[in-house]
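Right, one structure below, let's go through it.
Each reported figure results from applying straightforward, stated rules to the coordinates on display, with no laboratory input. Just so it is clear, the structure is predicted and the values come from calculations on it, not from any experiment. All Cβ positions, even for glycine, are placed from backbone atoms using ideal geometry, and neighbour counts span all protein chains on display.
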């Protein structure tokens, strides 16, 4: 079943120095952009992360310090990447919890705002886990009957993810044929910050970690304004700090 798009859909896959959203960096980015007519454009870049790539990470994706020594740093390609996915909904495999949050962190470090409010976020892994419960390689074999050669190359993974979605639409007609119908079926998350340090409960932002877990963020900030300072100085992702500041400013304005 062909996907009926209202906006272009960009599948994103990152290879990185690690999995910590606050301090790890991109070493390779690949984007497969599906146009409204079904056409595909691919952009792939090696990126100098400006920090050493741990051996464990290189063992996974095969990218070493020597390979990215002459590559651009993310700030040099940030505007190019942003323009390539302008007006696109975003897709990927485990992308809502990793690729998109880390990409947003890189944009923020580069001084670029990146609007998520107007975009749909379609994580193909959620379909697979809800329907079958497996991994990307197994998903590719299951849905496309192909072995995932070159796994952990960003372009290979992003392309495979787009093919998996096409096969999922054929297999599960209940998904419909648009990003909107798929998200209606899966249930669209209300995301506060991409690292999920805060979540929405009954229309209110609440802490999702630590000693204040389950408490309204605004209530804690009113009672303990120093907690804001602690988080802003701590090793939290920039996007988390950005959202915390928005809540803090809103709370203090109401308090005044």
Could you give the radius of gyration (one decimal) and Dmax (whole number) of the Cα atoms in the stretch 9-186, in Å? 15.9, 47
Ascending count of other beta-carbon atoms within 10 Å, so fewest first, for 93, 227, 143: 227, 143, 93
For the stretch 178-256, what is the relative contact order in percent, using Cα pairs closer than 8 Å and at least 6 residues apart in sequence? 22
Can you give me the relative contact order of the chain as a percent, contacts being Cα pairs under 8 Å and 6 or more apart? 20
For the stretch 131-256, diffusion coefficient by Stokes-Einstein and Kirkwood Rh (Cα), 25 °C, 0.890 mPa s, µm²/s: 138
Computed over the stretch 198-255, Cα set: Rg, Dmax in Å: 10.5, 29
When all Cα-Cα pair distances of the stretch 85-125 are considered, the percent exceeding 17 Å is 27
With Rg and the Kirkwood Rh both taken from Cα atoms, where does Rg over Rh land for the stretch 82-162? 1.01
Mind pulling the angle between the C-alpha long axis of helix 74-84 and the longest principal axis of the chain? Nearest 10 degrees, somewhere in 0 to 90. 70
Do you know the relative contact order of the stretch 137-238, to the nearest whole percent, from alpha carbon pairs under 8 angstrom that are 6+ apart? 11
Could you line up 144, 23 from fewest to most neighbouring Cβ atoms inside 10 Å? 23, 144
For 70, 105, 132, what ranking results if the residue with the fewest other Cβ atoms within 10 Å of its Cβ goes first? 70, 132, 105
Only Cα pairs within less than 10 Å get springs; with that Gaussian network setup on the chain, which residue of 237, 54, 173 has the largest fluctuation? 173
For the chain, set up a GNM with springs between Cα atoms under 10 Å and report which of 160, 216, 78 has the largest fluctuation. 216
How tilted is helix 100-109 with respect to the longest principal axis of the chain? Cα atoms for both, answer in degrees (0 to 90, nearest 10). 60
